[in-house]
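Take a look at the structure below.
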Amino acid sequence: MKLMSDNSQVISETATVYGWSEYIGIHALASVINSLTGSSGLSIGVGINISYPPHSDKSRIYKMEKIVRKECSRRGIGILETRIFENPLIAVPSVTVSGIAVVSEKREECLEDGLGIQGISDKKSLAGADIVLSKWIGMDGMLQIAREKMEALAERFTPGFIRQVLSYETELYAEKEIGIAKDLGAIALYQITQGGIFASLWEMSKELKTGLEMDMKQFSILQETVEVCELFRLNPYKLTSAGCFLFVTEDGEKLRERLLKEGVMASIIGNTVEGKGKLIRNGEDVRCLDRPAPDEIWKLHALEG
């Protein structure tokens, strides 16, 4: 949402994450901060709403708030308000982070030039642009699963494996790659969130008004994500991936090389094409991209019901 004034605009973003882990608010916060950073937002502030079902362990609920507050303090983000309340209509706690940021008139012009999150340039056709993927699909979901199902993971994997999984929490934020993409004139930026990369590609195609031709073998994914998803029979390509971005650019190789040089995993996964077709190649297999489906993380919570 955007609220305009004579020389600035206020942009808002909201993210909700469900789960019993005390760390779920970190995922909602990272998603919001990445989106506002992509929008060239300044002076970011957030509101935090935590709802919980009856008979919840209150100490765990208040620890959720404490952890989000600590992360906001560490990142210099102001907290506008905090609400914690019981909701008899839910079975799993949720943390909703609502963030706002002020964009100056100068930054607003950048947005109109297509340099902000989901910003689109004024070119008549965006066909022929490269699509660069940063970091790893499903990483965000993998971390949520690990925190929610730590006991199950400990029965299957070694402590070293679990420590490696949790080490990726530092990768949830994407300021570095967003800044690099903007510096190199990216046409559009899309954070991969609910529904995973398949949902984001579908929405991106719709907003850009182009078709897509993608190479699934170029989708970067952590081996840890593959193994965690296999354990719970989840599809990582439909799994929330906050911190993972799609960058649309005229020179994908230049952006990829710059990101890799700066220590950010990156790959060119395809390009935009004329028309509305959305094709995904996986070796010799070619298929059309399906409409977005519910995020796979919901299956994890459905098993608890």
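Below is a table of values for the structure above.
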quantity	calculated
Förster radius 35 Å - calculated FRET efficiency between Leu89 and Ser167 (Cβ-Cβ, nearest 0.05)	0.45
Hz values of 3J(HN,Hα) by residue in segment 130-139 - Karplus curve (6.51, -1.76, 1.60), Gly and Pro given as x	7, 10, 10, 9, 9, 6, 10, 5, x, 4
Positive-end extreme of charge dipole, the chain - chosen from Met139, Gly78, Ile61 (charges on Cβ)	Ile61
Dipole axis of segment 138-264 (+1 Lys, Arg; -1 Asp, Glu on Cβ), positive-most option in Thr210, Gly243, Cys229	Cys229
Derived scalar couplings ³J(HN,Hα) [segment 257-264; Karplus, 6.51 cos²θ - 1.76 cosθ + 1.60; whole Hz; x for Gly, Pro]	5, 5, 4, 4, 4, 8, x, 10
³J(HN,Hα), Karplus 6.51/-1.76/1.60, whole Hz, each residue of segment 140-154, x for Gly, Pro	4, x, 4, 5, 4, 4, 4, 5, 6, 10, 4, 5, 5, 5, 5
Amide H partners (placed H, <5 Å) of Leu212, local residues excluded	Val273, Gly277, Lys278, Leu279
Separation of alpha-carbon centers, segment 176-221 and segment 133-152, rounded to whole Å	20
Listed residue pairs exceeding 28 Å between alpha carbons, taken from Lys206/Lys261; Lys58/Lys135; Lys209/Lys254; Lys217/Lys254; Lys70/Lys176	Lys206/Lys261; Lys58/Lys135
Counting DSSP beta bridges with both ends in the chain, the antiparallel % (nearest 5)	75
Sequence-distant aspartates and glutamates (8 or more away, or on other chains) whose Cα lies within less than 14 Å of Lys63	Glu22, Glu71
Total charge dipole magnitude, segment 158-295, about the Cα centre, Cβ charges on Lys, Arg, Asp, Glu only, Debye to nearest 20	240
Contact order relative to length of the chain, as percent, for alpha carbon pairs under 8 angstrom and 6 or more apart	23
Cα gyration tensor category, rounded, prolate or oblate, for segment 148-304 with a/c compared to 1.5	oblate
Span from the segment 73-104 Cα centroid across to the segment 259-305 one, whole angstrom	28
Positive-pole candidate from Ser220, Gln164, Ala174, dipole of the chain, charges at beta carbon	Gln164
For the chain, built as a Gaussian network whose Cα springs stay under 10 Å, the top-fluctuating residue of Ser167, Ser21, Ser94	Ser167
GNM top mover of Lys238, Lys135, Lys278 - the chain, alpha-carbon springs below 10 Å	Lys278
Most mobile of Arg258, Arg75, Arg281 in a GNM of the chain (Cα contacts under 10 Å)	Arg75
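Every number here is computed from the coordinates shown, using simple stated rules; none is lab data. Just so we're clear, the structure is a prediction, and the values are computed from it rather than from any experiment. Note that we place each Cβ from the backbone using ideal geometry, even for glycine, and neighbour counts take in every protein chain shown.
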